[in-house]
Amino acid sequence: MDTSIYQNPLNTRYASKEMSFIFSDDYKFSTWRKLWVALAESEMQLGINITEQQIEEMKQHIFDINYEDAEKREKETRHDVMSHVHAYGLQCPAAKPIIHLGATSAYVGDNTDVIQMTEGLKLVKTKLINTMNNMAQFASKYKDLPTLGFTHFQAAQLTTVGKRCTLWLQDFLMDLEELEFQLSRMKLRGVKGTTGTQASFMSLFSGDHDKIRKLDQMVAEKMGFEKTFAVTGQTYSRKLDSQVLNVLAQIAESAYKFSNDMRLLQHLKEVEEPFEKQQIGSSAMAYKRNPMRSERIGALARFVVINTLNPAITAATQWFERTLDDSANKRLVIPQAFLAVDSILNIMINVTSGLVVYEKMIQKHVDQELPFMATESILMEAVMRGGDRQELHEKIRVYSMEAGKRVKEEGLDNNLIDLIKQDKEFMLTDEEIDGLLDAKNFIGRASAQVDEFLEEYIYPVLQNYTDLLNIKVELKV
């Protein structure tokens, strides 16, 4: 690695080799050559004077790309596509006259962009499924463990650790649905010519509309796609880029929500992300265990969400059949969005596979707030024993204020229940009051909701993708 120049940390620190490869030069330019082969082969099959030998020669040089020749030519022509046509022709002298026949630059550029985004979405899907699988296991394991619910980050009614996890999981399920929909409508630009009118192919095929339509379909099928855009200018509609990045941004949003909750839970010492034996939390404070992985998710997620503005503005500002102000922006925006989401999901898989739950600390926090929650049950039971509802309600209000002051101003334990136990007008024994304080009496249908959600929504999805499960990810730092 050349340490004297800037290196993109998405490659050097965060993203996987698999995602980096999809947006690498080797993948890009070998795909260009595959597209040139598909075009020439289809043209030959439709009657153009191209030989099998020319096609075979092109196939033999798909992957051994002569970059130096292309770079030298581009310095002269300032045109990347024609430079690679030239370089390919040097390796394929017999096929040189028919490489790129009838096509415009967007034929290789745009179609490759679609292919790269499609393959990127497939990899994202695999990692999203694995994240969801980890969360499903966690939700099931802790479906019965009562924990404080929070609204406004203020203690509210109880929920369970597993039920809270289903909230994260449901967000990712919504993301998966959007991702699958987007994959289902990915299509190539196809073979459309300079301004999308296929005029060059009208000349090539002597005005035979059927052959030109067939050529478009044949190339798509050879490249693994069912459809092409019905109409294009010189490029496919840049709304596609915006749609794809919106899918990625939604995944980033869900991960961001999870990471923020994890940071709060780690502050409460209730749930922690994994922490290696040799990991250092702070250069100064040796005792610290910072939620650095969750923080990294948040940092990368912000980048992805903000990045969606780029393709949106690009799509809106394309003039007529095309302008070139999309090119430099796309080279940055599209690959980096995929690399960042890949990085986020790598961390998500790592974190969700090793969450540490501190049940005693969770119970401690529940016990601190449960007396306030239990007062309604105590009041109802006391009234059923013959107590006066209004008088007992007032007593509970006064005792609650005393207990609250003790907790907030003096830093002492919540003694509300002790105050109620000492008041004989409630006509309940200590044992009876303690019986009403079982936390599981206050979690509603949380446990059942976890089971129902997993059985009805998550397990069927995971069952469809068993071949994608149990992948291994590596965090570089």
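The values are calculated or read from the model by the stated rules, or taken from the named source; none is laboratory data. Everything quoted here is computed from the prediction, not taken from an experiment. With ideal geometry, Cβ positions are generated from the backbone for all residues, glycine too; neighbour counts draw on all protein chains shown.
Among residues belonging to the range 12-27 that are part of a helix (DSSP H, G or I) and buried (at least 20 other Cβ atoms within 10 Å of the Cβ), point out the one that is modelled with the lowest pLDDT.
Keep residues of the range 12-27 that are part of a helix (DSSP H, G or I), which gives 12-14, 17-22, 25-27.
Then drop every residue that is not buried (at least 20 other Cβ atoms within 10 Å of the Cβ), which leaves 14, 19, 22.
Values: 14: 94, 19: 97, 22: 98.
Looking at the filtered set, the residue picked out is 14.
Is there a residue in the range 93-101 that is within 36 Å of the chain's Cα centre (by Cα), surrounded by fewer than 20 Cβ atoms within 10 Å (Cβ to Cβ) and not aromatic (Phe, Trp, Tyr)?
Our first condition is that a residue be within 36 Å of the chain's Cα centre (by Cα); within the range 93-101, this holds for none.
Among the residues of the range 93-101, not one is within 36 Å of the chain's Cα centre (by Cα), surrounded by fewer than 20 Cβ atoms within 10 Å (Cβ to Cβ) and not aromatic (Phe, Trp, Tyr), which makes the answer no.
Please list, ordered by residue number, the helices (runs of 4 or more DSSP H) wholly in the range 379-456 having 3 or more residues that are hydrophobic (A, V, I, L, M, F, W, C) and either surrounded by fewer than 18 Cβ atoms within 10 Å (Cβ to Cβ) or more than 43 Å from the chain's Cα centre (by Cα) (or both). Spell out the reasoning first.
Values: elements: 389-410, 416-421, 430-436, 446-453.
Passing ranges, in order: 389-410, 416-421.
Does the range 146-165 contain any residue that is buried (at least 16 other Cβ atoms within 10 Å of the Cβ), at pLDDT 95 or above, in contact with a Lys or Arg (Cβ under 7 Å, 6 or more places away or on another chain) and more than 26 Å from residue 349 (Cα to Cα)?
no
Just checking, how many residues over the range 321-358 are hydroxyl-bearing (Ser, Thr, Tyr) and within 19 Å of residue 310 (Cα to Cα)?
So in the range 321-358, the residues hydroxyl-bearing (Ser, Thr, Tyr) come out as 323, 327, 343, 352-353, 358.
Subset that is within 19 Å of residue 310 (Cα to Cα): 323, 327.
Summing the residues that are hydroxyl-bearing (Ser, Thr, Tyr) and within 19 Å of residue 310 (Cα to Cα) in the range 321-358 gives 2.
Report whether or not residue 23 is touching a residue at least 24 places away in the same chain (Cβ under 8 Å) and in contact with a Pro (Cβ under 8 Å, 6 or more places away or on another chain). Can you show your working first?
Details: touching a residue at least 24 places away in the same chain (Cβ under 8 Å): yes; in contact with a Pro (Cβ under 8 Å, 6 or more places away or on another chain): yes.
Yes; evaluated as a whole, the condition is true for this residue.
Which of the residues belonging to the range 67-100 are in contact with a Ser or Thr (Cβ under 9 Å, 6 or more places away or on another chain), outside any helix (DSSP H, G or I) and within 22 Å of residue 201 (Cβ to Cβ)?
Of everything in the range 67-100, those that are in contact with a Ser or Thr (Cβ under 9 Å, 6 or more places away or on another chain), outside any helix (DSSP H, G or I) and within 22 Å of residue 201 (Cβ to Cβ) turn out to be 79, 95.
Kindly provide the set of residues from the range 306-325 that are crowded, with 20+ Cβ neighbours inside 10 Å, part of a helix (DSSP H, G or I) and of a type in the set (D, E, K, R), ordered by number.
Those that are crowded, with 20+ Cβ neighbours inside 10 Å, part of a helix (DSSP H, G or I) and of a type in the set (D, E, K, R): none in the range 306-325.
Can you name the condition, by its number, that residue 323 falls short on among (1) within 12 Å of the chain's Cα centre (by Cα); (2) β-branched (Val, Ile, Thr); (3) modelled with pLDDT under 95?
(1)
Just to be sure, is residue 114 modelled with pLDDT of 95 or more and within 21 Å of residue 175 (Cα to Cα)? It would help to see each step written out before you state the result.
Details: modelled with pLDDT of 95 or more: yes; within 21 Å of residue 175 (Cα to Cα): yes.
Yes; evaluated as a whole, the condition is true for this residue.
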